[in-house]
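Reading through the structure tokens given below for one structure.
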Amino acid sequence: MNTKKRKRMKLPNGFGSIIFLHGSRRRPWAVLKTINGRSKYIGYFPTHAEALIFFG
């Protein structure tokens, strides 16, 4: 069985990033954005897709 894990597309420059926080959490996907040279957590989401919608 050849099941490959699909890679997610990169976000454009200046958007920030979506990271997965390990452990058992209700909302493991976090949105990071660089503000004044420091990374800030903007929000936490239950799925990667919901975190991506936050940017749009």
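Miscellaneous remarks
- Among the residues of segment 3-19, those identified as open to solvent by 80 Å² or more (accessible area, probe 1.4 Å) and without any contact (Cβ under 8 Å) to a residue 24 or more places away in the chain are T3, K4, K5, R6, K7, M9, K10, N13.
- Filter result (open to solvent by 60 Å² or more (accessible area, probe 1.4 Å) and not β-branched (V, I, T)) within segment 27-36: R27, K33, N36
- Within segment 22-47, the set of residues being within 9 Å of the chain's Cα centre (by Cα) and of a type in the set (A, V, I, L, M, F, W, C) comprises W29, A30, V31, L32, F45.
- From S24, S39, residue being free of Cβ contacts under 8 Å to residues at least 12 places away in the same chain, open to solvent by 60 Å² or more (accessible area, probe 1.4 Å) and part of a loop (DSSP other than H, G, I, E, B): S24
The values are calculated or read from the model by the stated rules, or taken from the named source; none is laboratory data. Note that this is a predicted model, so its numbers are computed, not measured. Note: ideal-geometry Cβ built from the backbone for every residue, glycine included; neighbour counts use all protein chains shown. Ligands, DNA and RNA are excluded from the accessible area calculation, which covers all protein heavy atoms including side chains. Shrake-Rupley method; radii C 1.70, N 1.55, O 1.52, S 1.80 Å.
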